[in-house]
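One structure below.
The values are calculated or read from the model by the stated rules, or taken from the named source; none is laboratory data. Just so it is clear, the structure is predicted and the values come from calculations on it, not from any experiment. Here the Cβ is made from the backbone with ideal geometry for all residues, glycine too, and neighbour counts use every protein chain on show. Areas reflect the complete protein model, heavy atoms only, side chains present, ligands, DNA and RNA absent. Shrake-Rupley method; radii C 1.70, N 1.55, O 1.52, S 1.80 Å.
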Amino acid sequence: MAKKLKTYETSLGFFDLAIAAPSMKAALEAWGADSNLFHQGAAKQSEDPDVIEATMSAPGVVLKRPVGSSGPFKEHAELPTDLAGDHGSKTSGRKSQGRRAPKPPRRGNDQAADRKAAIAFEKEHNRRERERAKEEAAREKERERRQHAIDKAQGALDAARRKHEEKAAGIRAELEALEDESQAEEARWEKEMTRLEAALRRARG
């Protein structure tokens with residue numbers, strides 16, 4: 001049986017956020033929160049009938065409004081025009097919001113509406129999961145492309161290094177052979193020069 005949805009609110013960055021979700025965990029996941037905002041006192045279950053009505057009309061969709069305002073929640077909200085803020089007006093706005101919402105309208109008895117909202121949430125949840133999977137697949141493809149380029153460049157460098165080392169080793173071998181040949185020639189010349197100088201001395205008498 002589909003789980004009944006509840007409306008949850010929090011504030012992140014420049015926006016207040018609201019969502020109709022089956023659990024606090026589902027709300028945190030949809031908000032992309034990396035910590036438990038409910039335990040921290042930064043999120044709550046909404047009791048505002050207007051907020052509940054807005055989220056229930058789009059289950060699973062994160063709705064926004066400028067932080068501190070009392071306007072309607074929308075899927076696409078404008079940034080606050082006054083980021084410095086007017087604390088007095090914000091406070092009064094929140095107080096008036098609290099006064100007008102003693103209790104949300106009773107939807108619990110409407111099981112068909114609850115099932116419809118739960119199904120809509122599940123569809124939105126699945127859509128987000130598909131988008132995340134698609135984004136992850138794109139990131140994985142980019143990682144593979146980059147790794148392929150790295151492997152190719154590394155392979156070219158390794159091949160060039162091996163060729164250089166082989167050539168350098170060949171040159172060293174040739175130098176060593178020439179050195180041996182030079183030393184042999186020097187030894188041969190020393191013997192021949194000694195023999196010829198002796199013959200020259202004998203000729204001179």
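Remarks
- The sole residue among Leu5, Leu63, Leu12, Leu37 that is touching a helix residue (DSSP H, G or I) at 6+ places or on another chain (Cβ under 9 Å), surrounded by fewer than 17 Cβ atoms within 10 Å (Cβ to Cβ) and among the aliphatic types (A, V, I, L, M) is Leu12.
- All of Arg128, Arg143 fail the test of being among the basic types (Lys, Arg), open to solvent by less than 100 Å² (accessible area, probe 1.4 Å), closer than 21 Å to Ala27 by Cα and modelled with pLDDT of 50 or more, apart from Arg128.
- Lone qualifier among Arg188, Arg201, Arg162 - being part of a helix (DSSP H, G or I) and either touching a His at 6+ places or on another chain (Cβ under 7 Å) or surrounded by fewer than 10 Cβ atoms within 10 Å (Cβ to Cβ) (or both): Arg201
- Residue list for region 20-49, filter: closer than 23 Å to Ile119 by Cα, part of a loop (DSSP other than H, G, I, E, B) and within 27 Å of the chain's Cα centre (by Cα): Ser23, Gly32
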